[in-house]
1. Place +1 on the Cβ of every Lys and Arg and -1 on the Cβ of every Asp and Glu in the chain, take the dipole about the Cα centre, and give the residue among 158, 284, 238 whose Cα lies farthest towards its positive end.
2. Check cross-link reach from residue 292 to the aspartates and glutamates: straight Cα distance under 16 Å, and skip same-chain residues fewer than eight apart.
3. In nm, give the distance between the simple-model label positions of residue 286 and residue 426, each being 7 Å from the Cα along the Cα-to-Cβ direction.
4. Do any trypsin sites (Lys or Arg not before Pro) in region 268-332 lie in a DSSP loop with no more than 11 other beta carbon atoms within 10 Å, and if so, which?
5. Treating the beta-carbon of each Lys and Arg as +1 and of each Asp and Glu as -1, no other charges, what is the dipole magnitude of region 4-420 about its Cα centre, to the nearest 20 debye?
6. Counting alpha carbon pairs within less than 8 Å and at least 6 residues apart, what relative contact order, in whole percent, applies to the chain?
7. Hey, can you rank 37-49, 130-142 by average C-beta count inside 10 Å, highest first?
8. Tell me, what ³J(HN,Hα) does each residue in region 364-380 have, in order and in whole Hz, if you take phi through Karplus 6.51 cos²θ - 1.76 cosθ + 1.60 with θ = phi - 60° and put x for Gly and Pro?
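Read-outs: derived from the displayed coordinates by stated rules, not from any lab. Treat the numbers as computed from the prediction; the structure is a model and nothing was measured. Counting neighbours? That spans all protein chains shown, and the Cβs are built from the backbone with ideal geometry, glycine included.
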Amino acid sequence: MPSSVRVEPTSSTSVRILAHRKISAQGALAGLPVAVKDNVLVAGQRATFGTSATRNYVPTETCRHGSAPDRSGRGILGKLNLHELAGGVTSNNAVFGPVRNAYDPKCFAGGSSGGAGAAVGTRLVAIALGTDTGGSVLIPAALNGVIGFRPTVGRYPMGGVLPVSPTHDTIGPITRSVEDIILVDSVMAQTSTPVSPSNLTGLRIGVPRKLFVDVADADSKATFENTLQRLTAAGVEIVEIDLPDLVQAEKGFGPITPYELKTEVPKFLARYHVGISFDELVAGIRSPDLIKAYQTRIVGKASPSDEAYKEAVRTFKPAVEGAFQKAFAEHRLFALAFPTTLTDSRPIEGSDEQIMMDGVSIPTWKAYINNTNYLTKGSLAAMTLPMGMSSRGLPLGVTLAVLPHHDEELLSLGLSVQPLLPALPAPPRTADRPR
């Protein structure tokens, strides 16, 4: 391997290797090749944010996450493609091309951290750093057969990361083992708290079947039921729960993300001397799904008002969080478990708006973000692990989620659950791997 590399998005793969920086020989993460989603700033390395207006922007500062791990010896292999401006669930990027699934290059990698999921899934890197607002680490990790961790918001500093919605935004690592997640977390959270496996005997895990499981496809439900059987055999007590207040509370949550995006991104552009205005950034968007979103919810007629935003933060955000807190308290739960996505990946072509799921056409957005959107709005910390393969030979993930600020307990649970799950086959050698 060359002593210094750089990775950037291309039209057909998740990454492309170019010269960049030497990997240190010392430190907690020494020798582990790491790549970073291209909405995270690394000084001296282009930050395109996956869009056309900033394709030549080179920051002079490194995200605070970049500096902390670097002090521990991590070498940044380079940057990873993503859904344009971190704004979608497929990573079908109209500027730099689609990110391809690790197990089938005709299928998408999920988003918005698609390059991160594909790079780890194809064994190009051991660790990738993505970002997660509504599931953008969890979704591509699940679809590429690897492990993704969404910590409690605020556990990792976010300076130098292009914002989507600071209320929900967090960096999240993607790896192939829970042990590596714990290693990365210890560096990024600057914690030395030891993490050991949880005792699963008598541990209560809730399953919100109506909203999170029954809506999934047949493959996902069958694989998830097998996962529950494995947990039960290991001593876990599975508790069927309902979240009666969640749907109504979630309906009023809508203004938060578009309002924060249109107010915080201009500040970021000015703070990091990107050299363009917010209007110029928007004008450079090329992905049809993102153009539609910006023209309606973000800068269009449906753009939320100040008062709608304040009401959402004041009333509906606490209501969503309260629905989860109530369920945890009433049922004495340690965690929740559910399929990460409602189905596996689909072919890139023709899947931007709708996919077929068990013979029915449903919105692509709902198929992949339904479950993660609920948990992120509820401020839960979460981890997705591979739970098996679909009948199409593509990975499926199971999510474990805990109340905020219980990250160490979640990491411990992941250590205990990981060996119970079936090992996935390696991606086919003939796949169009990132290169």
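1. Of the listed residues, the answer is 284.
2. 84, 279, 352, 353
3. Those two pseudo-labels are separated by 3.4 nm.
4. Those that pass, being in a loop and sparsely packed, are 301, 332.
5. Working: 39 positive and 38 negative charges, 193 e Å.
The dipole of region 4-420 has a size of about 920 debye.
6. Numbers: 1070 pairs, mean separation 83.6, N = 435.
That works out to 19 percent.
7. 130-142, 37-49
8. Result, ordered by residue: 4, 3, 5, 4, 10, 10, 3, 7, 5, 5, 4, 5, 5, 5, x, 6, 6 Hz.
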